[in-house]
Every structure is written in C-alpha cells, then in structure tokens.
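Asker: Here you go, one structure.
What follows draws every value from the coordinates through simple rules; no lab data is involved. Computed from a prediction, not measured in an experiment: that's the story for all the values here. Cβ placement follows ideal geometry from the backbone for every residue including glycine, while neighbour counts extend to all protein chains displayed.
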Amino acid sequence: MESEKKASEILQEMVAGSSAKSIGFAKILENFKERGIAFFMLLFAAPAALPTPAPVIATVLGAIVIVLSVQLMMGRKTPYILKRILDKNISIKIIKGVVKLLRKAEYFVRPRLLFLSTDFSERIVAVFCLAFAIMMAIPLPLSNTVPGFAIVLMSLGLFNRDGLFIIAGAIIGTAWIGLYTLAIYIAGDNFVQWIKDLIF
C-alpha cells in the first residue's frame, strides 16, 4: 500500500526514468498525501541539522517548520503550504541525494511503540516539534543544529510510525533546550556580575 512505503521509495518512484532536471514541491506533496506534513518537516529541518547551517537559512526553515507543527497540532495530515513554495522546484540531483541519505536512516527505522502514532499522540509530538522549530529559528550561535536534528528524528518517527525515533528526538531536543537555557542564564549572570564589579 502507498501509505506503507518508505519516503525513499516514494521519491525514487518519482524520479525513476524521469528526464526532467527538477521536480515541483506541489508534485512531491501530491505523492506523499496524508504523510505530507511529516515528510516536509523532515525535508525543511534537515538543512538546519547540518553542523554549520547558515543562520538566515535556518531561521527561514525554522519558520516553515513552525507552521507545519501548528498544522499537525490542529490534526492536519496533508499540509497547507503557500503557493509560492509549491510553485518552486527542487533539482532531481538533490532528490537523488536525499534518497541516499533516507535509505541509510531508514535502515534503523521500523514500526514500534505504535501508541505514539495515534492522532492524539501526534498532536503531543507536534508540541515538541513546535518548541524545537522555534529554537531552530532563533538566530543565535549553536541554536539550530541540535533542534533541527531532533525534528529530523521525530519526523522520521512520525512518517514510519517508529515511536523510538520520536522519543529519541524529543529527549535530544528537550535536553538541548535545557542546556542552552542554562548556559545563557549562567553567561547572563556572569555578565551582570562583571558589570557590577566594573562599576562598583
């Protein structure tokens, strides 16, 4: 069944035998159907998960994932995406690269802990994704990569009904936000103390 195909398989079928140099986001959305939100969250979070993402790009991608997360919280399966984005194309070369990366990740993915794949659970997962996407969008040093990676894990879990990936992403993202917040608090406290010592 279409709903049981892996993301790499769906993409591979789309580009197999194609002579086109690019494919539209609208076509991708059409093929992923009710699992479109999970896939697009994965697609837009992945670049931010790179070790050195461009801050502006991470902010834009984070904003898109925020919108997708809110839609998932509302119970949508197929995402509403602005026409200006759907009208854009992505090169077949990039798609083939995505397929290779997905196949490596999908080797470890399988349906498990299915209680995290219910409609209610997906809305809870969306809350975590929203928090991580907000963190991803903040243009601060080191604020993008780990939240982006956490969203990638959770999106893979949502797409493939793998609760273990969902839990792993939630733990990694939450721990990072906690550590980042603590680091900012300590740095701020030290800065205030330095100002006091300087003045007084």
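For (1) more than 14 Å from the chain's Cα centre (by Cα); (2) closer than 22 Å to residue 48 by Cβ; (3) of a type outside the set (Ser, Thr, Tyr), each residue gets a yes or a no:
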| position | (1), (2), (3) |
| --- | --- |
| 135 | no, yes, yes |
| 139 | yes, yes, yes |
| 142 | yes, yes, yes |
| 183 | yes, yes, yes |
| 186 | yes, no, yes |
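Asker: In region 149-200, what residues are among the aliphatic types (A, V, I, L, M) and in contact with a Lys or Arg (Cβ under 6 Å, 6 or more places away or on another chain)?
Answerer: Of everything in region 149-200, just one residue is among the aliphatic types (A, V, I, L, M) and in contact with a Lys or Arg (Cβ under 6 Å, 6 or more places away or on another chain), namely 164.
One line per residue, one yes/no per condition, for (1) under 16 Å from the mean Cα position of the chain (by Cα); (2) touching a residue at least 24 places away in the same chain (Cβ under 8 Å):
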| residue | (1), (2) |
| --- | --- |
| 18 | no, yes |
| 22 | no, yes |
| 27 | no, no |
| 44 | yes, yes |
| 50 | yes, yes |
| 66 | yes, yes |
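Asker: Kindly indicate which of 177, 184 is closer than 21 Å to residue 73 by Cβ and surrounded by fewer than 23 Cβ atoms within 10 Å (Cβ to Cβ).
Answerer: 177
Asker: For residues in region 23-72 being more than 20 Å from residue 89 (Cα to Cα) and of a type in the set (Gly, Ala, Ser), which is surrounded by the fewest Cβ atoms within 10 Å (Cβ to Cβ)?
Answerer: 54
Asker: Yes or no: region 112-135 includes at least one residue that is farther than 21 Å from residue 75 by Cα, in contact with a strand residue (DSSP E or B) (Cβ under 7 Å, 6 or more places away or on another chain), touching a residue at least 40 places away in the same chain (Cβ under 8 Å) and not aliphatic (A, V, I, L, M).
Answerer: yes
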